[in-house]
Structure formats: structure tokens, C-alpha cells
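Novice: Take this structure first; my questions come after.
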Amino acid sequence: MRRGLAALALVALTGLPAAAQTLAQRPSPKIVQDALTQVGQVIASDCPDSSSRTGTAFVWPDAESAVTARHVVAGCGSIRVQFPNGPVLAARADRKLAERDLLILRLTDSSGRDPVRLSAALPVPHTQVAVVGYALGAPTPDDKLLTLSAANDADGAQLRDMLPSGIRQEIERSGPWSLDTAILRLDGNMVSGHSGAPLFAPDGSVAAIGAGGLQDGASGIVWAVQARYLLDNAAWQTIPDRQLPDPASAYSFSYQAPQQDVPTVACGDFSLKRQSIASLAELRQSTDDPAGLEKILFAVMPDPAMADAFRFDVWVDLQSGATIPVPSGAELMPGPVGCWAVVSPSISMNIVTRHLPSLPENQRQWEIQSFSQNFEASFAVQFPQGLPVDPMFTYMAPIGRPDGFMVNRKGFGTPQWVGPDVVAMNYVFLSHVLRGPDYAGVSAVRTTVVAAEAAQNCQFGVVEACRSLDPNSDWARAALAVHLTTMPPI
């Protein structure tokens, strides 16, 4: 019966309208190769949070100027731009469009590059555009193809259309951005480091710019502001010489730090890259299910106030946007159908993935449903005595968003007597996440036998008893990592 319920839940998880697969035009390889020479890596330091930040800039309107996202350099005392095979150029903030999160930098010398060509005209839906920039703070630029979705009308879409309701309401109250900002809706995502990156249309013009970078749980929300705003000379505000760009707003940003080497792990159909190292305090601010996170936190953490200091390596798949935290210190390693990490001798994490863009919709649904069911069934092999569904941590139905993202989170296990004075505390936390052709299943598994008295006292809230069962809070970190697994809004 439990397997049948799981199947029903996953039917709901996968029963989604497919993004249109028809591909019209795309930028040519020559356009992309030329674009790679026109973008530079912005490195901002002496920032309010004492960290270094990085993003992307592109040459416009002349060889001594570059456009980037305002939040990347907001409040920072030092700004530099490094172009491929070129010198590092100091820069200062020259002009801004704060409500669009755009800023023009003035370079101390010529970049030696030709400015990009802008277009106020929009590509038609299902056209592909190339975002070119420094994803995840890597020292060299790359490109990624994204498809304009059918959510764009003749004028594109508006920022309000893609933001989660909580963030949208806060911006409506406090700014600084305009929710009416014209953007492009994309079947695909940008990531940290793409803030300020140009999106090239098939004709070689820049149609939009990566902006935003708001923290959304473990992921960041980067949107594509239409390039026509750059052409409105009357809207720009001049920043006086030697004045710092305005500090960022009170929102939590997914700032990207520079990385000389981006760790990468093959994980089934995904290639996971380490985006950042972040604390729970940073990741929990805008998770898609804050009540569920708090419930897990109070169940597995003897002293919840201490959990904010937990550190996580945040891994992301650039193609799907799937964002998976792993407790810092636990090495992520490739496996036969995914990847895994050992958090402690009795606690592990397992990740399985699928990317099925070429299959017909019905076949893709069946493949993902079967794959996810097999992932759940694998725990029956590990725990032949069985692990019952824990209704406290199992969704009645998946949670979804208008962009097609779905997540289903589950708990399996209960204390089981295995001797007169000992109890097995075997347990599995599990998240299924899905959007379009991409699926990830992430689990935290605990296999341990403990003294019955300590287990009972911990259940009654005796903090010292709980600490004796999990002195390093490894189980709490693993369980929270599973819950924080997500995909960013698009």
C-alpha cells in the first residue's frame, strides 16, 4: 500500500505540462566565440559584508565602459574588471538604473574590445539565446543556451511574473526594484556569477542582461532584464566621482565569490559544481517550505539556535539549476547512478539524477516515475525489516510553482527495539525535485543502534541525551541539506 501511495504522489509530481521543445534559431558558434571576448569578470572587494564578490560585465557603450548588475558592486570600495587575455582594469561606478539593477562602470583604460550591439526588439518565443559570463565565479567565461518560453508576449514579461510571492510582496513594500521591470522568461536558469551577463540573440545583438541575484533558499534568483533599458539615456542617474555605489538593499543576495578552481563531481546525468560555502542562517531565509524546515530543525537538533552556524557546500547543476547542499567536510563522490557523501560513520547522503530532454512527454513521465520509485525501493534492501512512512515529515501532496518546479519530501522510520536495552534509530529523509526533463532524488540515511534510555530521554526533550546520540549534530546537518534541495524560479 505504501508503494502505491508513493506511485500516486509521483504521478502528481511528474504530471506537468512540458516546455515547448521546438527550437527555432540560436546564436551561431561565431557569435558566441566573439561574445566570449566582450565579457569581463567583475571583482568587487572592500564590500559591506567584508567579502569579495564577482559577476560579469560586458563592453558598452564604448571600449572604456562596461555594464554589470548593480548589486554585484553595491557598497564596495574597490572594483576591478578582468577581460580574457587582457590586463586587470580598475573601474568606478559611473551611472545607474537602480530600479532595474543595472550599472555602467567607467574603466581606467580602454578594454581593447568592441562594444556589444543592443537590440530593443525581442526574439520570438522558443528562440534560443546564449548567456555568456563567469558562472559560479570561475576565472574564465563560458556560455549556456536558454530558450525563450511561451510565457513571453510581444513585450516579454514582467519581474512580478517570476518572483515567489513573499519576495514579490517585500519588493512591493520596500523596493528598490520595479516589479514592472520588463524581463525575458526563459526555459532554463542562470546561476550566481551570471549577474551582469549579456544574453545574445541569434542575430548577435544583446537582448537582455542578467540581474537580481536574490537568495532563494539554497539557490539564487537571477532574472533577464530587457536590454532596451540601456538605450533610455534620460533614465540613467550619474554617480558622482569617488562616491561608492549605493549599498545593497536589506534583501539577502546570493553573492558569488571568485573561484580559481570550481570543484566538479559527475553525478549521474548531472554535473554538479560547487557554487559556494554557506551557513544555514544564509540558506534558510527564503526556503520554499520554511515551516517544514523549522519542523525538521526542532526534531533533530537539541539546541536549534546553534544550527544557524552549520556550514554547507552548495552544489549546483548548471543545466537544470538543481541546487543541493551537502554538509561541509563531507566529500561528494561519484557513484554508479548519481553521487554520495559520508557525513559520519552512521550517516550518509545519496543523490540520483535524470536528464531526459529528448524523450516524448509521456515516456519521460514514466521514466522519471519509475526511476524515483526505484530510488525509494532501494532503502528496502538496506533495511529489510522495513521503515514505515513517518507522516510528520511526509507531504500529503507535492509542492509546486508556476514555473513547473515540483518537490515531494518524505520521512521513513521509527525507533525499533532490537534488544532488551537497545533501539535501532534507522531513518531516511528524502526529497524528490523535478522540473521539465530534470529530476533529482536526494536522501539522508541514518543507520544506528543506541541505548534505549538515551533514545527515550531525547524524545522527551532532554538535550544532553540528544547530544549523546549525535554529538556533532551530523544527522541534523544531513537532514537539513535534504530539505534545502531545490531549483531556482525561472
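Novice: Got a sec? Which strands (runs of 3 or more DSSP E) wholly within region 303-395 have at least 3 residues that are buried (at least 21 other Cβ atoms within 10 Å of the Cβ) and touching a residue at least 60 places away in the same chain (Cβ under 8 Å)?
Specialist: Counting at least 3 such residues, we get 311-317, 323-327, 338-344, 347-355.
Novice: Given the options PRO420, PRO402, name the one that is over 29 Å from ASN362 (Cα atoms), assigned to a loop (DSSP other than H, G, I, E, B), at pLDDT below 90 and in contact with a helix residue (DSSP H, G or I) (Cβ under 9 Å, 6 or more places away or on another chain).
Specialist: Exactly one residue qualifies, and that residue is PRO420.
Novice: Go over the candidates VAL116, VAL81, VAL67, VAL124 one by one and state the one that is modelled with pLDDT of 95 or more, in the same structural domain as TRP223 (by TED's automatic domain parsing) and in a loop (DSSP other than H, G, I, E, B).
Specialist: Step by step, each of VAL116, VAL81, VAL67, VAL124 is checked, and only VAL116 is modelled with pLDDT of 95 or more, in the same structural domain as TRP223 (by TED's automatic domain parsing) and in a loop (DSSP other than H, G, I, E, B).
Novice: Can you pull out every residue in region 257-295 that is more than 21 Å from PHE405 (Cα to Cα), in contact (Cβ under 8 Å) with a residue 24 or more places away in the chain and assigned to a helix (DSSP H, G or I)?
Specialist: Once the filter is applied, which keeps residues that are more than 21 Å from PHE405 (Cα to Cα), in contact (Cβ under 8 Å) with a residue 24 or more places away in the chain and assigned to a helix (DSSP H, G or I), region 257-295 yields LEU280, ALA281, GLU282, LYS295.
Novice: Moving on to the next point. Among the residues of region 153-184, what is the count of those that are crowded, with 21+ Cβ neighbours inside 10 Å and not in a helix (DSSP H, G or I)?
Specialist: Total satisfying the criteria: 8.
Novice: Consider GLY86 carefully, then state whether it is in contact with a Cys (Cβ under 9 Å, 6 or more places away or on another chain) and modelled with pLDDT under 95.
Specialist: Against the criterion (in contact with a Cys (Cβ under 9 Å, 6 or more places away or on another chain) and modelled with pLDDT under 95), GLY86 does not qualify.
Novice: Has region 12-33 got any residue that is farther than 30 Å from GLY386 by Cβ, at pLDDT 95 or above, under 25 Å from the mean Cα position of the chain (by Cα) and not in a loop (DSSP other than H, G, I, E, B)?
Specialist: Among the residues of region 12-33, at least one is farther than 30 Å from GLY386 by Cβ, at pLDDT 95 or above, under 25 Å from the mean Cα position of the chain (by Cα) and not in a loop (DSSP other than H, G, I, E, B), which makes the answer yes.
Novice: Working only within region 405-414, note down all residues that are within 21 Å of the chain's Cα centre (by Cα) and assigned to a loop (DSSP other than H, G, I, E, B).
Specialist: PHE405
The values are calculated or read from the model by the stated rules, or taken from the named source; none is laboratory data. Owing to the predicted nature of the structure, the values given are computational and were not obtained by experimental measurement. Heads up, the Cβs are rebuilt from the backbone with ideal geometry, glycines too, and the neighbour counts pull from every protein chain shown.
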